[in-house]
Structure formats: C-alpha cells, structure tokens
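Enquirer: Have a look at the structure that comes next, please.
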Amino acid sequence: MAAWARKAAALGIVAAVGAGCGEPAPEEPGPAAAEVTVVRGDEVYPVTAEITGWEVRPHPQVPERGDAVNFTYRFRGDSMFTGPHAQKVKLLVCAVDARGRVLVCMAVFNDGINDVWLGPAPGLSRTAEVLLLPDQMYAGTHAHDPKDHDGYVPPRWPDRGDRI
C-alpha cells in the first residue's frame, strides 16, 4: 500500500473513532406549560415551578424601546430546592405567540427573585402565553470536568420562531 493510502486510512480510522467522543448533543426540551415539574434527564425533582402572572407593557426603565413582558413565578416543593440553601435550579421561560412560536426566552432560578422582565424585544406585543420548560438547564458545578461530571447535558435553548 502506498504511503499516502496508509495515511488516508489512518486518518479515516481516527476520524471514525473521534466521532463518538466529546459531549453528547443536547436533546430537545420537554413540553412547555405554565406549571411544570422540574426534570433533569430521567430524574424527576420534587419541585414544581409556576408562572403566577404576566402582562405586556413597556419596561419602566426603557419605555422608548417598546413592549416587554413582566411576569411572576414561584417554585414549590421540597425544601432542598426551595429553601434558603436550595440546590440550584435553572429553567427557561419563553414568551410565545398564539401559534406557540417562541418570541424570546430567558433563564430563571429558584433564588427567591420572582418578578422578572422579558425584553424589551421585537414582537412581544404578540405574546399569547408565558411558558416554562421543565428541564433543569443547570448542568452542575462539574459540567466541564470529565472526571467528576455526571454526563448530564441540558437540552438546547429554543430559538426565536421555534414551536414549543
């Protein structure tokens, strides 16, 4: 076999072996709703998150930039996830239009802050619902440590226009 053919074969083997390495691709997020039970992969957390109210109006600090969505939310459940020393939970909240298409998303946490603004951003006047995605988006303190990480990869964030 010619030298170039051996090199090409070796590169092909390295590429094939390397294709299975690295972090797994993120999955699609779970079904969105105004109230969700938090999940992390196959694990169900003993905590729920709920959107308790929302309205579309100009943000008081930048009213000239157009509409924003002011919403409130809460976490309920096991004190391990809701108390003063709670395990960190990070969920996505998305404003969606009447067809269930994402206008904008942001992360919220179980840190006690529960009155939040989405935007201002183009199109938020079309907001029909504010929904939570049930998936834990926080990968953990060892997310980039190959030795100590448990392998959990949070789902991908929905893009503007995605249907959820």
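Every number in this text was worked out from the coordinates using simple rules, so none of it is lab data. Since the structure is predicted, the reported quantities are computational estimates derived from the model, not experimental observations. Cβ placement follows ideal geometry from the backbone for every residue including glycine, while neighbour counts extend to all protein chains displayed.
Enquirer: Can you figure out the FRET efficiency of Asp78 with Val153, using R₀ = 22 Å and their beta-carbon distance, to the nearest 0.05?
Expert: The calculated FRET efficiency here is 0.35.
Enquirer: Can you list residues from other chains, or at least 5 along the same chain, whose modelled amide H is less than 5 Å from the amide H of Lys90?
Expert: Met137, Tyr138
Enquirer: So what does log10 I(q)/I(0) come out to for the range 30-155 at q = 0.19, 0.21 Å⁻¹, using the Debye formula with one equal point on every Cα and no solvent?
Expert: Relative scattering, expressed as log10 I(q)/I(0), comes to -1.02, -1.16.
Enquirer: Sorted by packing (mean other beta-carbon atoms within 10 Å per residue), highest first, where do 31-39, 59-67, 128-136, 151-159 land?
Expert: Order by mean packing, descending: 128-136, 31-39, 151-159, 59-67.
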